[in-house]
Amino acid sequence: MNGETKRPLRRRLLGALIFALWCVVVVEALLWGASLASTRVDLLLTNRQGVPKRLPDEETGHMRNPEYAENDSRGFRNEKALDSAEIVTLGDSQTAGLNARSEEAWPKQLQRMLSTPVYNMAVGGFGPGRYHYLVDQALELHPRWVITGFYIGNDLWNVVNEYYILDVPGIDWRPKDPARVQLVQAHAKRGEEEYLEAARYLTYQPPSGARKGKGSGSRERRGMSPVRLLQDHSRIWGAARAIKAGIQVRFFGRRPSQPFDRRHWEQLVEAARTDPGLVVYQSAKVRTVLHPGHRFNGEDIEGDSLVAEGLDMSLHMLRRIDERVRAAGSRHLILLIPSKEYIYHDALDPEPLPGTLQEALARNEAAIVSRATEFFEENGIEYVDALPEMRRAVAEEVQLYPYSTQSHPDSPGYERIARAAARALEERGFAAGGP
């Protein structure tokens, strides 16, 4: 009798298990169907971090990958590829919104401020030569305004690299001297090494000899695990991941892009005691670390002839962009985006001494901005400088950047850049749906 009772129970349990598996399969199939039917649903439900962010490109060196999360079908960082937009933005990672979510980049915050479509065509690593390369694509959307984000921190070097090494089409500059090309190539190699050296300050570095985690072999084995396969391919898993992220935003607010790590902060403060390339900024509510030793190399117009040439070339290409945009019947606005180091310079206490890297960087950046704005005014080019808005935020104790040496803003920093652009457009008569 006891055995006869167990058999029906086992059958019921087996039946329940089969029914549950059937339900999982049906739900998975339905979610897969929705994913195939909608790009937005597919981005929401898939783990696409394994997809490369960029793809090689013969003419520009690289472009954003349309298959990467948050990119549209053209490869730019938008919800979808628009056929038309009131405003199109060009720029580098400061405009693409590195270090923040797509909707927190300043072009998307500008879109919400003005209640008008803004299409973001920025690509990290680009400079004025490649902004010019993209301008025809931008004009295909028939915008009323094209805004070019000109990042003082590295655009001068990027345009030199675009002309002498990448040979980006459309840059008409003086004939290439082979000796100059070799000089640029050597400079680029040193720059890559310096960039890798600077990157070590972005995260906590375990003491020498401390365990740094599992080796690459362990990571490879983890990549082949059933759990990883589910993370990458199950749409149910993706739905759970999206729900969790939505709950975090809804009930806990937007978390900073780099959550505060006291060990890392203390390590940076200690390093700044001996490294003249690091400067600590700390107030009642804000703390962050400036890295003039890294940023200075892209702004040294006083001591580096290549960077000085980069300023001349940048202004030349920005004028070419302006001419092209205006010839198409649209208006063009250049948005000057200052470096983190320059933004905080006047608030540092004690004031940086003459001869320090921080003082030299601020002096060079002030000269770059002065030369650029004078050039824009002489050529009738419309522009706005985001520096006053960013410095107001510093005075208001707004945490614009992560606490580390990260040079890209958090969401509040991008919001202030958007505010500067919005005010400039409104002062020029912009209104959603207007002329």
Verdict on Gly293 being of a type outside the set (A, V, I, L, M), within 25 Å of the chain's Cα centre (by Cα) and closer than 20 Å to Thr95 by Cβ: no
Qualifying residue in segment 381-404 (condition: under 20 Å from Glu104 (Cα atoms) and in contact with a His (Cβ under 7 Å, 6 or more places away or on another chain)): yes
Test: Tyr164 is crowded, with 24+ Cβ neighbours inside 10 Å and hydroxyl-bearing (Ser, Thr, Tyr): no
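Taking the options Tyr344, Tyr383, name whichever one is surrounded by 22 or more Cβ atoms within 10 Å (Cβ to Cβ) and among the aromatic types (Phe, Trp, Tyr).
Working: Tyr383 fails: surrounded by 22 or more Cβ atoms within 10 Å (Cβ to Cβ).
Exactly one of Tyr344, Tyr383 is surrounded by 22 or more Cβ atoms within 10 Å (Cβ to Cβ) and among the aromatic types (Phe, Trp, Tyr), namely Tyr344.
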Some residue of segment 387-403 being within 14 Å of Thr95 (Cα to Cα) and of a type outside the set (Val, Ile, Thr): no
One residue from Ser283, Ser257, Ser305 being hydroxyl-bearing (Ser, Thr, Tyr) and closer than 30 Å to Arg180 by Cα: Ser305
Elements of type helices (runs of 4 or more DSSP H) contained in segment 296-391, each with 2 or more residues being at pLDDT 95 or above, aliphatic (A, V, I, L, M) and under 26 Å from Ala284 (Cα atoms): 357-378
Scope segment 302-329; condition in contact with a strand residue (DSSP E or B) (Cβ under 9 Å, 6 or more places away or on another chain) and within 17 Å of Ser370 (Cβ to Cβ); matching residues: Ser314, Leu318
Entirely in segment 39-125, the strands (runs of 3 or more DSSP E) that have 3 or more residues that are at negative phi and touching a residue at least 12 places away in the same chain (Cβ under 8 Å): 61-64, 87-90, 118-120
Selection status of Trp265, surrounded by 15 or more Cβ atoms within 10 Å (Cβ to Cβ), aromatic (Phe, Trp, Tyr) and either at pLDDT 95 or above or in contact with a Phe, Trp or Tyr (Cβ under 9 Å, 6 or more places away or on another chain) (or both): yes
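Can you give me the number of residues within segment 87-107 that are surrounded by fewer than 24 Cβ atoms within 10 Å (Cβ to Cβ) and more than 8 Å from the chain's Cα centre (by Cα)?
4
The values are calculated or read from the model by the stated rules, or taken from the named source; none is laboratory data. Because the structure is a prediction, the values reported are computed rather than measured. Ideal geometry is used to build each Cβ from the backbone, glycine not excepted, and the neighbour counts take in all protein chains shown.
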